[in-house]
1. Excluding P220 itself, what net charge comes from residues whose Cβ is under 10 Å from its Cβ, given Lys and Arg +1 and Asp and Glu -1?
2. For the chain, calculate the relative contact order in percent as a whole number, restricting contacts to Cα pairs under 8 Å that are 6 or more residues apart.
3. State the three equivalent ellipsoid semi-axes of region 35-79, derived from the C-alpha gyration tensor as the square roots of 5 times its eigenvalues, in descending order and whole Å.
4. Quick one: which residues, 5 or more positions from V113 or on another chain, have an amide H under 5 Å from its amide H? H modelled 1.01 Å from N in the peptide plane, none for Pro or chain starts.
5. On a 26 Å Cα-Cα criterion, which of the cross-link pairs K193/K300; K18/K300; K193/K321; K90/K321; K219/K305; K11/K305 come out too long?
6. Under 15 Å from the Cβ of N4, count the other residues' Cβ atoms, weight Lys and Arg +1, Asp and Glu -1, and hand me the total.
7. Per the Kirkwood formula on distinct C-alpha pairs, the Rh of region 276-342 is how many angstrom?
8. Scan region 1-102 for GluC sites (Glu not before Pro) in coil per DSSP, keeping those whose Cβ has at most 11 other Cβ atoms within 10 Å, and list them by number.
Amino acid sequence: MAANELHETAKALVAEGKGILAADESTGTIKKRFDSIGVESTEENRRAYRDLLFTTEGVEEFISGVILYDETIRQSTTDGTPFPKLLASKGIIPGIKVDTGAKPLALAEGETVTEGLDGLRERLQEYRELGARFAKWRATYSIDANRPSEYCVWVNAHALARYAALCQEAGLVPIVEPEVLMDGDHDIHASAKTTGRVLNAVYTELHDQRIDLYGTLLKPNMVLSGYDTPNRAGVDEVADTSLDEYHRHVPAAVPGIVFLSGGQSDEDATAHLNAMNAHGPHPWQLSFSYGRALQAPALKAWQGKPENVEAAQRAFYHRAKMNSAARSGLYAPEMEREAVAV
Ligand code: 13P
């Protein structure tokens, strides 16, 4: 595995105007999404929904990669083409979520550690054979008076780096995802401080565990006010506060920062990304790796009905196009009206 294959894959995932679709909801999470539209979470419904997203015509103009779940990477389109093969034929790089979830952290009430390292070397080999060229591992941190503890911050950073090393050994680009959760009534300064602590630990561990940063991507939270606080910071403050933390803590060798949407509305997620790019240039590409913020309108339009597939694909295409515009700071809320015209 030449090191430059990792570099090339990481760069391709943050190519100009493009970003990543996170379609790696675990069976439990996709059930929650389907519950919200009254659709039963059967294997066939999950396949049909992912089929709808991946076969959207022209979406490859805006989407560089898709993160799949273990079930999804083994599924096929309605005409029998395996999903990774379909994506690759459109020039979209298949990826895979490899953590097994955030579990209660022993002796740390209310905190979690992300698991999935046991057997990971063998699983990565299989995923590469199935077509994956990058992977994702998500750690989560809650904010309150006593959280996150240093213990939680460092064990998760250690696990993220162990995952990243195994990925690079296997020829997969690791997306390193430390997500500071925005639930709670904390202000944006508390988010900024915690995000800085977390990023500092993550890059210390990545360095100590010999990770080649040119062959990685960072998937962080944006720095927002807690969702329950009444006076939430506006778009420019979010952009500037977030950028300040990344400038302090993310080495310039990292080719790209690909944000999670983390429960923001789809239009907020686009506006925040746009503002950060408009305030550039930066040492890294700033792009998206959204789940909910790319899928919410499509899911709502679909409602589990075959006759709605086209409308759902139009909604997905539109959101991808808006986020593509935000990659270069050229998005404006007025562009949302195009949704019906596409
Ligand atoms: P959201 O954009 O819905 O937060 O999901 C992104 C993701 O992959 C979380 O791990």
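FYI, it's all coordinate maths here, none of it is from the lab. What you see is a predicted model; the values in this text were computed from it and never measured. Reconstructed Cβ throughout: ideal geometry from the backbone, glycine too, with neighbour counts over all protein chains shown.
1. Details: positive: K219; negative: E177, E179, E245.
Taking every other residue near P220 into account, the sum is -2.
2. Numbers: 680 pairs, mean separation 61.6, N = 342.
Dividing the mean separation by the residue count of the chain yields 18 percent.
3. Numbers: eigenvalues 80, 34, 23 Å².
That gives 20, 13, 11 Å for the three semi-axes.
4. Long-range HN contacts for V113: K103, L105.
5. Long pairs (Cα-Cα over 26 Å): K193/K300; K193/K321; K219/K305; K11/K305.
6. The answer is -1.
7. It is 13.0 Å.
8. For GluC sites (Glu not before Pro) across region 1-102 that sit outside H, G, I, E and B with at most 11 neighbouring Cβ atoms in 10 Å, the list reads E16, E40, E57.
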